[in-house]
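Scroll down for the structure; my scribbles are underneath it.
The values are calculated or read from the model by the stated rules, or taken from the named source; none is laboratory data. What you see is a predicted model; the values in this text were computed from it and never measured. Because the Cβ atoms are built from the backbone with ideal geometry, glycine has one as well, and the counts that use them run over all protein chains shown. With ligands, DNA and RNA removed, areas are computed over all heavy atoms of the protein, side chains included. Shrake-Rupley method; radii C 1.70, N 1.55, O 1.52, S 1.80 Å.
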Amino acid sequence: MKEDHNLSRRTFLLAAGGTLASIGLPGVFIRLSSAEQRSLATQTRPDGRPRLPPGQIAVRNLQAMGGTPGTATAADLRLRIYGEVEKPAVLTYQDLLSLEQVDITCDVHCVTGWTLLDSQWSGVRLRTVLDKVRPRPNGAFVIFEAPAGYTTNVPVTALQSGSAILAHSFFGKQLPKEFGAPVRVVIPDLYFYKSAKWLEAIKVTPHDEPGYWEARGYSNSADPWKEERYSKSS
Ligand SMILES: Nc1nc2c(c(=O)[nH]1)N[C@H]1C(S)=C(S)[C@@H](COP(=O)(O)O)O[C@H]1N2
Ligand SMILES: [Mo]
C-alpha cells in the first residue's frame, strides 16, 4: 500500500512547551494513504458525529509527546484521590487492578492536529474510581495532577463516559514510561491535553480550576468536534 509521508518530521509544536509540559513536540508521524483518508472521511461514529473531527489529520503511530515523567513505578504508585469526596483514598497499582478492568479501542485527538486511530488501552473506568470515593454533591469538577505542576481539569460529567479511563496498558502491554506509566488518564473524546500522563492525584473540587494548558490559552472545554482548541478569552 502506498504511504504518503508528507507529515513526516512535521513540527507540531504550537506553544512553548519546554521540558515541563509539551503539547506536541516534533515527531515522525505516518499518515494514512489517500484512499484510507477518503474512506475515513465517510465514516461516522455510533453517536452520529464524523469519525475524524474537523481540522484533524489521521496518523498511524502514537508519538511520545514529552512532558516531565514522574518517578513512581507500578510497585510504589500511591494515587491520591481527595477533595470533595466522602471517602478519600490512596490507591496502589494493586488496588487499581482489583477494580473492574476494561479494554477500550478509541481514536485520540491532539489539539495540534493529529488523530491516532484505533488506539487500544486497558485500565479502570474513571467512573468506577469515582464510585469508590463518592464525590459530594458539590464536587462538580476534577483536577488531574501530574509531576512538575502539570494539571488538567474536567467536569465530573465528562467522566461518566465508559471510555474515560485510567490506563495502565497500551496495545496489550504495560504502558511505556514515555506514554505515562504507571498510570495515565485517557479521555478520548476531549483533546488529549486533558489526558494527564504519570498521574499522581485526582482532586474533586466545587469550582473549576484551569489546568496547565488551560491557563495558557488552550480551551477549557476542549471538544474536538467543536474545534475548541484555544480559549476565546485569550
Ligand atoms: N503529565 C503530562 N501529561 C500530558 C502532557 C504533559 O506534558 N504532561 N501532554 C499532554 C498532551 S498535549 C498530549 S497530546 C498527550 C500526549 O500523549 P503521548 O505522549 O502519550 O502521545 O499527553 C497529554 N498529557
Ligand atoms: Mo497534545
Legend entry - Cα-centred dipole magnitude for the chain, charges only on beta-carbon of K, R (+1) and D, E (-1), debye, nearest 20: 260 debye
Inset, instruction - Rounded to the nearest 500, what is the 222 nm mean residue ellipticity of the chain from helices alone, with -39500 (n - 2.57) per DSSP H run of 4+ residues and division by all residues? - result: -2500 deg cm²/dmol
Inset, instruction - Work out which GluC sites (Glu not before Pro) in the chain are exposed loop sites (DSSP not H, G, I, E or B, at most 15 other Cβ within 10 Å) and give the longest gap free of them. - result: 101-226
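State whether the range 7-226 is rounded, prolate or oblate according to the following rule on the C-alpha gyration tensor (a ≥ b ≥ c being the square roots of its eigenvalues): a/c under 1.5 gives rounded; otherwise a/b larger than b/c gives prolate, and the remaining case gives oblate.
Details: a/c = 1.56, a/b = 1.49, b/c = 1.04.
Here the range 7-226 falls in the prolate category.
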Inset, instruction - Excluding residue 194 itself, calculate the net charge of residues whose Cβ lies under 12 Å from the Cβ of residue 194, where each Lys or Arg counts +1 and each Asp or Glu counts -1. - result: -2
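Quick check for you: with a 1.4 Å probe and neighbouring chains kept, what is the accessible area per residue of the chain, in Å²? It would help to have the intermediate numbers written out before the result.
On the way: 10840 Å² over 234 residues.
Counting only protein heavy atoms, the per-residue value for the chain is 46 Å².
Just to confirm the filter: which trypsin sites (Lys or Arg not before Pro) across the range 35-80 are DSSP coil and have at most 16 other Cβ within 10 angstrom of their Cβ? List each step's numbers first, then the result.
Details: sites: 38, 51, 60, 78, 80; in loops: 51, 60, 78.
Sites meeting the loop and neighbour criteria: 51, 60, 78.
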Legend entry - Gain in span if fully extended, residue 64 to residue 86, counting 0.36 nm per residue against the direct Cα distance: 4.3 nm
Inset, instruction - Just list whichever of 173/203; 203/226; 132/203; 194/226; 194/232 have alpha carbons separated by over 25 Å in the model shown. - result: 173/203; 203/226
Inset, instruction - Return the single residue from 21, 148, 75 with maximal mean-square fluctuation; model: Gaussian network over the chain, springs between Cα atoms under 10 Å. - result: 75
Inset, instruction - Excluding residue 213 itself, calculate the net charge of residues whose Cβ lies under 12 Å from the Cβ of residue 213, where each Lys or Arg counts +1 and each Asp or Glu counts -1. - result: +2
Legend entry - Estimated distance in nm for a label pair at residue 94 and residue 41, the labels positioned 7 Å out from Cα along Cα-to-Cβ: 5.4 nm
Inset, instruction - Over the chain, calculate the relative contact order: mean separation of alpha carbon pairs under 8 Å at least 6 apart, over the residue count, as a percent. - result: 19 percent
Legend entry - Under 13 Å, Cβ to Cβ, from residue 49 - net charge with Lys/Arg +1 and Asp/Glu -1: -2
Legend entry - Inter-centroid distance (Cα atoms) of the range 68-110 relative to the range 160-188, Å: 9 Å
